[in-house]
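Enquirer: Please find one structure pasted underneath; my questions will follow.
The values are calculated or read from the model by the stated rules, or taken from the named source; none is laboratory data. The shown structure was predicted, so the numbers you read here are calculated from the model rather than taken from an experiment. Every residue, glycine among them, receives a Cβ derived from its backbone with ideal geometry; neighbour counts consider all protein chains shown. To get the accessible areas, we keep the full protein, side chains included, count just its heavy atoms, and leave off ligands, DNA and RNA. Shrake-Rupley method; radii C 1.70, N 1.55, O 1.52, S 1.80 Å.
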Amino acid sequence: MDALDLARWQFGVTTVYHFLFVPLTIGLGVFVAGLQTAWHRTGKERYLRLTKFFGKLFLINFAMGVVTGIVQEFQFGMNWSEYSTFVGDVFGAPLAMEALLAFFMESTFLGLWIFGWGRLPKRVHLACIWAAAIGSNLSAYFILAANAWMKHPVGYEVVDGKARMTDLWAVLTNSTALAQVPHVIGSAFVVAGGFILAVCGYWLLRTHAEMWRAAARAALVMTAIAGVVVAGTGDMSAKLLYEQQPMKLASAEGLERDTAGAALTVAPGIEIPKVLSFLSTNDFDATVQGTEDLQARFEERFGPGDYRPNQAITFWSFRVMIVFGLATVGLSVLGLWLTRRRRPMPRWLSRLLVLALPAPLIAVTAGWLLSEMGRQPWVVAGELLTAAGVSPGVSLTEVAISLTIFTLLYGSLAVAEAVLLTRHVRKGPDEPEPVRAAEKLEPSLMY
């Protein structure tokens, strides 16, 4: 084991950990904004209570996401200086736009929303939470555009051994980004939906209050719609993999040789004839390239080396993503059917919603592993190998120390996050205050 291995482990650990908070923040922010909009339009107190309740959960998660996200950028300079030197002129642009535009918008309006209760006009306060929610989604767009460039670099040229941007618009409208952004954001809404449903399921086991059923129904709709978006954009991504990242596609399917009419592998030994070719090209008889044949071609093009990603991780992460993602979306569709026409949610379904809380988180984590591990051994596809991007002056001991510190720190933060969320969920929404009686007749009196 050398510094490269530990640097990869460190970035992987911190990125996966950070990514647990990102999708929940994206989806939960929009859900809270929707709840406050419902209160604004109807004046019903239950929507106000739900807004403040889920708003606190959103803020806890947002704060943890910010803290863990800061570490990512430090690593570019600490462990990946050669990578930063090569991609800085291109990669830095969308990251700067994310920080100066999207994150500034998100954090500023979120602060106004937090301290604006009872101080800002009602419509202005509502606009603040929507601006914060839009900012979080816009932030995801810029980061995913930068990430997509690493998989399918466009709008650049290499000058003196460095990538120089020639077309910012091409970077921001990269075909890989246009498929990846809705896929990831759709997945974020599935994660948020699963979290909200688990919370509602917990309270529906203890009370039959209508507000929990209303929140659960809204989350069921959000999760089901997001599932359709994820499936549609996943199909789009598969076709782009065929064109742009054939090694990742072949590894995800365990396909070793170029095959006409390639079968889709459900699990080892279980195949559906010709489906992989159809999903990749809309042609049942199309040829899909295999890992061994691609390896030979890459050696001819780039020189000696192993250009295949970790086969086991790529293969199984794809299937874990599909299974747990489908389980979450399928559960939401089932819930919509069972609660139609104002029917109460069955207690067994409420228990199942609580137990299913980890499923969407497992799905998005597996999807992220597939996305990033499947790109290896490239840090920038076709241009820069991961091994060439590591900092030359960082020793194995230094990376080991920082990895240990980050792992222990993140473990502590995970415990703190779990404790804070659990306490708040168990506490439930604040009880209506006597002074709020007038809100039932005229919500605007609060302002």
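Enquirer: For segment 89-95, what does the Karplus curve 6.51 cos²θ - 1.76 cosθ + 1.60, with θ = phi - 60°, yield as ³J(HN,Hα) per residue in whole Hz, taken in order and with x for Gly and Pro?
Expert: 5, 9, 5, x, 5, x, 5
Enquirer: Hey, in the GNM for the chain with a 10 angstrom Cα cutoff, which one of F142, F31, F76 fluctuates hardest?
Expert: Comparing F142, F31, F76 in the GNM, the peak value goes to F76.
Enquirer: Using DSSP loop states and a limit of at most 12 other Cβ atoms within 10 Å to flag trypsin sites (Lys or Arg not before Pro), what is the longest stretch of the chain containing no flagged site?
Expert: On the way: sites that count: R119, R206.
Counting only loop sites that pass the neighbour cut-off, the longest clear stretch is 207-447.
Enquirer: While we're on this one: For E271, which sequence-distant residues (separation of 5 or more, or a different chain) have an amide H within less than 5 Å of its own amide H, given hydrogens modelled in the peptide plane?
Expert: Under 5 Å from the amide H of E271: V266.
Enquirer: Ok, one more. Relative to the longest principal Cα axis of the chain, at what angle does helix 210-244 sit, 0 to 90 degrees, rounded to 10?
Expert: It works out to around 10 degrees.
Enquirer: Just read off the accessible area of M105 with the full protein assembly in place, 1.4 Å probe, to the nearest 10 Å².
Expert: Counting only protein heavy atoms, the figure is 50 Å².
Enquirer: For the chain, with all protein chains present and a 1.4 Å probe, just round the carbon and sulfur fraction of the accessible area to a whole percent.
Expert: Working: 13700 of 20550 Å².
The computed percentage sits at 67.
Enquirer: Right, something else. Relative contact order for segment 98-195: what percent, with Cα pairs under 8 Å and sequence separation of 6 or more? Before the final figure, lay out the partial values.
Expert: On the way: 89 pairs, mean separation 24.1, N = 98.
Result for segment 98-195 is 25 percent.
Enquirer: OK, next. What percent do you get for the relative contact order of segment 323-417 when only Cα pairs under 8 Å and 6+ apart count? Spell out each step's value before the answer.
Expert: Working: 31 pairs, mean separation 19.9, N = 95.
Reported relative contact order: 21 percent.
Enquirer: Still on this structure, I have one more. What does the accessible area per residue of the chain come to in Å², with a 1.4 Å probe and no ligands, DNA or RNA counted? Kindly include the intermediate steps, with their values, before the conclusion.
Expert: Values: 20550 Å² over 447 residues.
Dividing the accessible area of the chain by its residue count gives 46 Å².
Enquirer: Still on this structure, I have one more. Check the straight Cα-Cα distances from K239 and name the lysines below 27 Å, setting aside those fewer than 8 residues away within the same chain.
Expert: K151, K248, K274
Enquirer: Given V171, Q311, F189, which one lies farthest toward the positive end of the charge dipole of the chain, if we put +1 on the Cβ of every Lys and Arg and -1 on the Cβ of every Asp and Glu?
Expert: F189
Enquirer: Let me ask you something else. Working with all protein chains in place, sort Y410, Y156 by solvent-accessible area computed with a 1.4 Å probe, largest first.
Expert: Values: Y410 10, Y156 55 Å².
Solvent-accessible surface, decreasing: Y156, Y410.
Enquirer: With unit charges on the beta carbons (Lys and Arg positive, Asp and Glu negative) and the dipole taken about the Cα centre of the chain, which residue among G227, Q244, C200 sits farthest to the positive side?
Expert: Comparing the listed Cα positions along the dipole, C200 ranks first.
Enquirer: While we're here: How large is ³J(HN,Hα), in whole Hz, for each residue of segment 267-276 in order, when computed from phi with the Karplus curve 6.51 cos²θ - 1.76 cosθ + 1.60 and θ = phi - 60°, using x for Gly and Pro?
Expert: Going residue by residue, I get 7, x, x, 10, 10, 10, x, 6, 5, 4 Hz, with x marking Gly and Pro.
Enquirer: While we're here: Take every Cα pair under 8 Å in the chain that's 6+ residues apart, average their separations, divide by the length, and report that relative contact order as a whole percent.
Expert: Values: 634 pairs, mean separation 98.7, N = 447.
Taking the mean separation of contacting Cα pairs over the length of the chain, I get 22 percent.
Enquirer: Could you please put F54, F189, F115, F302 in sequence from largest to smallest accessible area, using a 1.4 Å probe?
Expert: On the way: F54 0, F189 35, F115 145, F302 70 Å².
Descending order: F115, F302, F189, F54.
Enquirer: Taking the 0 to 90 degree range and rounding to the nearest ten, how far is the long axis of helix 311-338 tilted relative to the main principal axis of the chain, both from C-alpha atoms?
Expert: That helix lies at roughly 20 degrees to the long axis.
Enquirer: Further question: Give me the accessible area of H40, 1.4 Å probe, in Å² rounded to the nearest 10.
Expert: My reading of the accessible area for H40 is about 60 Å².
Enquirer: Based on Cβ point charges of +1 for Lys and Arg and -1 for Asp and Glu, what charge dipole magnitude is obtained for the chain about its Cα centre, in debye rounded to the nearest 20?
Expert: On the way: 36 positive and 34 negative charges, 611 e Å.
Taking the Cα centre of the chain as origin, the dipole is about 2940 debye.
Enquirer: While we're looking at this one, here's another question. Under the Karplus relation 6.51 cos²θ - 1.76 cosθ + 1.60, θ = phi - 60°, what is the ordered set of whole-Hz ³J(HN,Hα) values for segment 64-70, x standing for Gly and Pro?
Expert: Karplus values, whole Hz, x for Gly and Pro: 5, x, 5, 4, 6, x, 4.
Enquirer: List the lysines whose alpha-carbon lies under 23 Å from that of K427, not counting same-chain residues fewer than 8 positions away?
Expert: List returned: K44, K52, K56.
Enquirer: In degrees between 0 and 90, to the nearest 10, how far off the longest principal axis of the chain does helix 396-427 point, with axes built from Cα atoms?
Expert: Taking Cα atoms only, the helix is inclined about 20 degrees.
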